[in-house]
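**Student:** Quick one: the structure is below, questions incoming.
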Amino acid sequence: MEPGDGVVLISDILGGEHVEKDVTVRGWIYRIRSSGSIVFAVVRDGTGNIQATIKKNVVGDEEFEKASQTLVESSVKITGTVAEDERAPGGYELKASNFSLIHMAEPFPITKDQSEEFLLDKRHLWVRSQKLTSVMRVKATLLSAAREWFEKEGWVEVTPPILSASAGEGGSTVFGLKYFGKTAFLAQTAQLHLEALIFSLDKVYSLTPSFRAEKSRTPRHLTEFWHLEGEAAWVDNEGNMDVHEQLISHMCQVVAEKNKAQLRELGRDPTILEAITPPFDRITYSDAVDMLHDKGMDFTWGDDFGTVEERLLTEDLVSPMFVKNYPKSAKAAFYMKENPDDTTTVLCSDLLAPEGYGEIIGASEREVENHTLIDRLLEQGADPDNYEWYLDLRKYGSVPHSGFGIGIERVVRWICRLDHIRDAVPFPRTPSRFYP
RNA sequence: GCCGUCGUAGCUCAGCUGGUGGAGCGGCUGACUGUUAAUCAGCAGGUCGCAGGUUCGAAUCCUGUCGACGGCGCCA
């Protein structure tokens, strides 16, 4: 049944192909209305929507009757002649010679009035919506563009574990689960394992789900998100940022080229993404604090930036911006390398998306001295014995190295101008939802 | 963890100072040969989130509880 049968894509028809030709489209009824002896059926096939007109005196009484009773979201196959017609939405329509109903849908629960709660309950059906379809296509492009860039630059994709014995980064909360009489944890980062792999593969990256058991109720947190992480030997904090700006720029270029229609549909002007190229601005944490003060904000050096601060710093930007070298008091992670020029700060960087969308990358150069790592762990009340294998990495040919984590859904949220991160993933997991 | 808002028909909501539960959309029946979320006429559809309390009487007032949504913190 697959190819042949004269089945064409609706996007091609809307692009002006097939005019005056007999073709077949198959898909789902998006809207349908009847008027005596003519039925107007708008069909969706995942590439676009087109109106088909089914007339009684053309298809016959029986097929016409069937068409006029068809409900929204029924699956259909319609054969007919493509015609340009100003009266049709989109400018083209299909004058049907044959209407065949594949499956008659029950009344579709999602109608014109929808609340956020209801759409989340019916997420398995709402994923058919134009908005989510566009977002998923954009996301697919962003992921393939990222892989393309890594491949080109000689990075090796690796597959770190999701189940782990240690809780990972200190601080954030992890999901625990039963593991043959012991407790295992769902990974909240692959970083530590990636660090182990640079000693043979030099530059590695991974794309995995990460889990955070934080009861975060914000438009930029999920409990399960897709984490694109990289770790590279011989790279310092500045070189790390070189990587990020090149990678993010490449992703923007490719999506602006391949997904113009979806981006416009989502309200994102592709030319804005085309303009995103290296280098990105790099300011220090202290510079950022000065900027906040200049904007009239009351802020104490040493505190971490929250939503309000990040928004104020980036709302007028078009390109992403790095903020580097945070104070230790703001970035607690034990593995971040101390800044030799100012020991109150660490060699790290956050990449903030423009327009107030907030942090999309967290990164740092890693501490290479075991005694420093152990001191930092003890300061945070962690037991160095739990990090024995990780500390081992510094015993056998330790090298300067850096790494980063990109929240894919955060990038998608920014690129697609989404109000909430949950729409950057088809089936969002949040503190209050893991169904459907 | 903190602050706030909301639970009434399949959906979106109205329902005032307590007195026999409403509309629009969707569905069904019928009319209509150019509709654009078609239009017109009619029909069906409810344990008012749950549990207590006040009262002759509670969707409405009180208490508790559950759930969802919005914002903050934490982070990617």
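**Student:** Kindly indicate whether residue A:189 is open to solvent by less than 50 Å² (accessible area, probe 1.4 Å), farther than 30 Å from residue A:270 by Cβ and within 18 Å of the chain's Cα centre (by Cα).
**Tutor:** yes
**Student:** Step by step: first the residues of the range A:11-34, then only those that are β-branched (Val, Ile, Thr) and part of a strand (DSSP E or B), then the one that is farthest from the chain's Cα centre (by Cα). Which residue is that?
**Tutor:** Applying the filter and picking the extreme gives A:23.
**Student:** Taking only the range A:292-348 into account, find how many residues are farther than 27 Å from residue A:380 by Cα, part of a loop (DSSP other than H, G, I, E, B) and in contact with a Gly (Cβ under 7 Å, 6 or more places away or on another chain).
**Tutor:** Summing the residues that are farther than 27 Å from residue A:380 by Cα, part of a loop (DSSP other than H, G, I, E, B) and in contact with a Gly (Cβ under 7 Å, 6 or more places away or on another chain) in the range A:292-348 gives 1.
**Student:** In addition: Hey, does the range A:162-176 have a residue that's surrounded by 15 or more Cβ atoms within 10 Å (Cβ to Cβ) and away from RNA strand B (no atom under 16 Å from the Cβ)?
**Tutor:** So far as the range A:162-176 goes, no, none of its residues is surrounded by 15 or more Cβ atoms within 10 Å (Cβ to Cβ) and away from RNA strand B (no atom under 16 Å from the Cβ).
**Student:** In the range A:297-325, which residues are away from RNA strand B (no atom under 13 Å from the Cβ), aliphatic (A, V, I, L, M) and modelled with pLDDT of 95 or more?
**Tutor:** Within the range A:297-325, just A:321 meets the criteria.
**Student:** Which members of the range A:337-361 meet the condition of being within 15 Å of RNA strand B (Cβ to nearest atom), on the phi < 0 side of the Ramachandran plot and open to solvent by less than 20 Å² (accessible area, probe 1.4 Å)?
**Tutor:** Across the range A:337-361, the qualifying residues are A:346, A:348, A:349, A:350, A:351, A:352, A:353, A:354, A:360, A:361.
**Student:** Pick from A:372, A:343, A:284: which is at pLDDT 95 or above, more than 20 Å from the chain's Cα centre (by Cα) and of a type in the set (Ser, Thr, Tyr)?
**Tutor:** After applying the criteria, what remains is A:284.
**Student:** Tell me the residue from A:166, A:144 that is assigned by TED's automatic domain parsing to the domain that holds residue A:195 and either in a helix (DSSP H, G or I) or touching a Pro at 6+ places or on another chain (Cβ under 7 Å) (or both), please.
**Tutor:** It is A:144.
**Student:** Would you mind finding the one in A:213, A:184, A:261, A:232 that is modelled with pLDDT under 95, over 21 Å from the mean Cα position of the chain (by Cα) and either assigned by TED's automatic domain parsing to the domain that holds residue A:359 or assigned to a helix (DSSP H, G or I) (or both)?
**Tutor:** A:184
**Student:** While we're on this one: Residues of the range A:92-126 being within 12 Å of RNA strand B (Cβ to nearest atom), hydrophobic (A, V, I, L, M, F, W, C), loosely packed, with under 15 Cβ neighbours inside 10 Å and not in a loop (DSSP other than H, G, I, E, B), which ones?
**Tutor:** Matches in the range A:92-126: A:118, A:125.
**Student:** Moving on. Listed residues A:79, A:53; which is more than 10 Å from RNA strand B (Cβ to nearest atom) and crowded, with 18+ Cβ neighbours inside 10 Å?
**Tutor:** A:79
**Student:** Now, a different point. Does residue A:403 meet the test of being more than 9 Å from RNA strand B (Cβ to nearest atom) and of a type in the set (Gly, Ala, Ser)?
**Tutor:** Criteria met by residue A:403.
**Student:** A further question on this structure: If you scan the range A:35-77, which residues turn out to be closer than 26 Å to residue A:129 by Cα, free of Cβ contacts under 8 Å to residues at least 40 places away in the same chain and in a loop (DSSP other than H, G, I, E, B)?
**Tutor:** Within the range A:35-77, A:45, A:47 meet the criteria.
**Student:** Of the residues A:249, A:286, which single one is open to solvent by 10 Å² or more (accessible area, probe 1.4 Å), part of a helix (DSSP H, G or I) and either among the small types (Gly, Ala, Ser) or within 19 Å of residue A:376 (Cβ to Cβ) (or both)?
**Tutor:** A:286
**Student:** Let me ask something else. When the residues of the range A:217-226 are narrowed to those that are within 6 Å of RNA strand B (Cβ to nearest atom) and either open to solvent by less than 30 Å² (accessible area, probe 1.4 Å) or part of a strand (DSSP E or B) (or both), which ends up nearest to residue A:408 (Cα to Cα)?
**Tutor:** A:225
**Student:** Among the residues of the range A:382-409 satisfying the criterion of being within 20 Å of residue A:338 (Cβ to Cβ) and free of Cβ contacts under 8 Å to residues at least 40 places away in the same chain, which is most open to solvent (accessible area, probe 1.4 Å)?
**Tutor:** A:395
**Student:** Looking only at the range A:410-428, which residues are more than 9 Å from RNA strand B (Cβ to nearest atom) and open to solvent by 50 Å² or more (accessible area, probe 1.4 Å)?
**Tutor:** Within the range A:410-428, A:417, A:427 meet the criteria.
The values are calculated or read from the model by the stated rules, or taken from the named source; none is laboratory data. Please read these numbers as outputs of a predicted model, since none were measured by experiment. Using ideal geometry, Cβ is built from the backbone for each residue, glycine included, and neighbour counts are taken over all protein chains shown. Just the protein is used for accessible areas: all its heavy atoms, side chains included, with ligands, DNA and RNA removed. Shrake-Rupley method; radii C 1.70, N 1.55, O 1.52, S 1.80 Å.
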